[in-house]
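Take a look at the structure below.
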Amino acid sequence: MKVKLVADILDANSQLARQNRQMLSEKGILTLNLMGSPGAGKTTLLEQTIDVIGKAFKIAIIEGDIFTTRDADRISQKGVQVVQINTGGACHLDAGITGRALQKLELDAVDLLIIENVGNLVCPAEFDLGEDVKVMVASIAEGDDKPAKYPLMYSESSAVIMNKVDLLPYTDFDMGRFISDTRKLNPDVRFFPVSAVTGEGLENWSNWLKELIKNKVRQRYARGTKGA
Ligand code: MG
Ligand code: ZN
């Protein structure tokens, strides 16, 4: 009975995720589901990503949080559209709650939508929100054993940002082990070592994002549904 119930929930979620994906695709919006543990640096990375590419591309943000609006307050300082979702205790976002947040955004001029998921290494990976890609923010401070301990997160992500690389000299983090454990789960994953403090790696990450956005925009023009 319990297994059946879980399957039904995920089924209903996939259906709503498909609707979100179709709507976002029609508008030619590249959508990222940004996942990671609390404190990995998701919001800081968002702020920096907006600084680097926010002039060239129109960005909108959905902030998932269990209770507070702190992250949304930080992001709104950057002058981009932001919608806050408070899950009221739930430890992940789902496609239904994401769909309701989408209705609050003015999406016609948006190139890139980033959904910051609730800080959690387990269930966010199980819920499709309708995104194009899942991106994981891992931090050096969390230790190199996380891909082995939380494999679904790492196998579902198209890219893994290794944040806080400036801390490497002060920890026993084994970069080789982290990368090989992740590759075992996900051979095609991209790695972006990044430091919010020094700015290292932000350019590589931003260039990858820009390519994805441009591809999406090309598809939009190819269909002639927007802007042409
Ligand atoms: Mg955050
Ligand atoms: Zn959860």
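Here, each number is a calculation from the coordinates, and none is a lab measurement. This structure is a prediction, so every number in the text was calculated from the model and none was measured. Cβ sites come from the backbone with ideal geometry, for glycine too, and all protein chains shown count toward neighbours.
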Examine segment 115-126 for a residue that is surrounded by fewer than 19 Cβ atoms within 10 Å (Cβ to Cβ) and away from ligand 2 (no atom under 14 Å from the Cβ), and state whether such a residue exists.
no
Of the conditions (1) within 29 Å of L10 (Cα to Cα); (2) surrounded by fewer than 22 Cβ atoms within 10 Å (Cβ to Cβ); (3) polar (S, T, N, Q), the single one that S195 does not satisfy is (1)
Of all residues being within 16 Å of ligand 2 (Cβ to nearest atom) and surrounded by fewer than 24 Cβ atoms within 10 Å (Cβ to Cβ) in segment 38-65, which is farthest from I85 (Cα to Cα)? Just the residue, please.
P38
Of everything in segment 106-118 that's part of a loop (DSSP other than H, G, I, E, B) and within 16 Å of ligand 1 (Cβ to nearest atom), which residue is farthest from the chain's Cα centre (by Cα)?
V118
Quickly run through segment 79-105 and pick out the residues that are in a loop (DSSP other than H, G, I, E, B), crowded, with 16+ Cβ neighbours inside 10 Å and away from ligand 2 (no atom under 16 Å from the Cβ).
V80, L105
